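Right, one structure below, let's go through it.
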Amino acid sequence: MLSSISLRHMRVFVAVADHGTFTAAAEVLGLTPSGLTATIRQFEDVAGTPLFDRTTRQVTLSATGARFLPTARRLISEFEEALGDLDALSKGIGGTIRIAAAPSVLTRILPGVISRFVDEHPDARLRLDELNAGEVHEAVARNEADFGIAGEWHALPDIAFSPLFSDRFGVLCRPTHAFAKRSAIAWSELADQAFVGLGPESGTRAMMAAPGSWAGGAAGSGGGGAGEVPVDPAEVGASDVLKRAAALGLPEAQTALRRANASERAIERVAKMAKPRQSDAVQNGNGGGAKDGPGSAMIDPVAQLRPIVETSNTLTLAAMVAEGVGITVLPELAARVADLAAPGKLAFVPLCEPIRKRPIGIITRQSRSLSPIARIFLAMVMEQAPKMDLPAAIEWG
């Protein structure tokens with residue numbers, strides 16, 4: 001059967017074709033003439049046709065052998081090249097690294113690392129894919145990327161997240177906007193602003209609305225008081241639904257997003273109800289600060305940000321802000337990347353009350369080890385990135 005033909009047969013065949021005699025070929029290959037002759041006969045028996053025409057004085061290629069010779073040379077060359085690649089990979093000096101990362105990481109973090117890496121490892125190749133947080137996690141889970149660098153997303157089986165750095169959320173607006181003159185802005189001040197934002201698939205909104213203590217509801221005088229506005233925890237948990245939705249198939253995602261939108265509308269209604277009750281409580285002398293009293297309702301100001309424009313692209317978002325369509329909220333590193341699309345036309349002001357940060361980390365598969373060259377690159381990222389002169393208040397580790 002043809003499947004019994006091996007690389008050994010190919011090497012012997014090519015050697016005889018190159019040297020013209022069985023004896024010379026056997027000497028080059030370190031075989032006995034009888035052993036080499038037996039190999040050629042076995043090859044011809046399996047192929048069902050002579051590969052050489054033999055006389056007492058010389059050995060020449062048959063018509064079939066002459067046509068097959070280029071193929072045999074190519075197969076030997078490809079096999080030797082593959083062995084060379086395997087050797088390079090085992091020594092950590094070559095191979096391809098596939099990296100999936102958030103746009104701000106690809107633009108501001110990785111270029112400096114890659115510049116040094118390619119100088120030290122010219123035989124290595126890099127494949128970079130710009131994806132949102134959910135897509136990065138999925139790419140690593142499907143083995144479409146060796147590792148990822150992006151925000152934390154909803155838990156996937158076999159996926160590990162190792163924190164790398166975090167950056168603070170803030171407002172991106174035009175330099176002529178009233179917010180641009182401020183040193184910090186409270187989240188509650190965004191409610192009445194024209195707002196443009198990234199879609200829920202980006203992960204930014206989910207991180208903005210991560211579980212935490214949001215103050216902003218009416219204050220009551222105690223359990224069951226007029227100022228107490230109950231909020232269903234299932235409705236407030238819309239961000240978790242959004243996280244799951246991005247990793248599911250399309251039908252499940254649509255259902256989850258519809259529920260999330262319904263939750264946001266419910267929280268918005270609660271906020272509107274809370275304002276007059278808070279006013280009544282103040283007039284009646286029952287107190288009024290959102291932070292006072294056990295009956296305070298916890299209203300999520302992020303749920304009140306209803307974008308008039310949504311996009312999946314940060315640069316498009318920056319263009320909308322630069323044209324005065326509205327303000328937006330971005331992590332600082334992403335905002336600095338967006339500023340490249342409209343230099344001099346944007347201002348970034350940190351948000352406070354509370355301070356929220358976007359965690360960025362290394363995403364890997366727990367059951368799959370990185371190749372030596374991928375480990376070298378990742379170690380270089382972790383060693384070199386914190387030393388970069390980045391235009392953002394980044395906290396490493």
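If I take R0 = 45 Å and measure r between the Cβ atoms of residue 120 and residue 19 in this structure, what FRET efficiency does the formula 1/(1 + (r/R0)^6) give, to the nearest 0.05? Plugging the Cβ-Cβ distance into 1/(1 + (r/R0)^6) gives 0.60. Could you tell me what percent of the accessible area of region 313-397 is made up of carbon and sulfur, with a 1.4 Å probe and every protein chain present? Reported share for carbon and sulfur atoms: 53 percent. Each 10 Å bin from zero up to the one holding the largest Cα-Cα distance in region 22-93 carries the following percent of pairs: 17, 36, 29, 13, 4, 0. Kirkwood analysis of region 1-41, using all unique Cα-Cα pairs, places the hydrodynamic radius at 10.1 Å.
At q = 0.09, 0.11, 0.13 Å⁻¹, what base-10 log of I(q)/I(0) does the Debye formula yield for region 30-143 when every alpha carbon is treated as an equal point scatterer in vacuo? Treating every Cα as an identical point scatterer, log10 I(q)/I(0) equals -0.54, -0.64, -0.72.
What the Cβ-Cβ distance of residue 38 and residue 73 gives, at R0 = 25 Å and to the nearest 0.05, is a FRET efficiency of 0.65.
Solvent-free Debye calculation, one equal scatterer per alpha-carbon of region 305-397: log10 I(q)/I(0) at 0.15, 0.25 Å⁻¹ equals -0.78, -1.31.
For region 129-200, what is Rg from Cα atoms divided by 2.2 N^0.38 Å, rounded to two decimals?
So the Cα radius of gyration is 1.53 times the expected 2.2 N^0.38 Å.
The values are calculated or read from the model by the stated rules, or taken from the named source; none is laboratory data. What you are looking at is a predicted structure, and each value in this text was computed from that prediction instead of being measured. Note: ideal-geometry Cβ built from the backbone for every residue, glycine included; neighbour counts use all protein chains shown. Accessible surface is based on the protein model in full, side chains and every heavy atom, while ligands, DNA and RNA are left aside. Shrake-Rupley method; radii C 1.70, N 1.55, O 1.52, S 1.80 Å.
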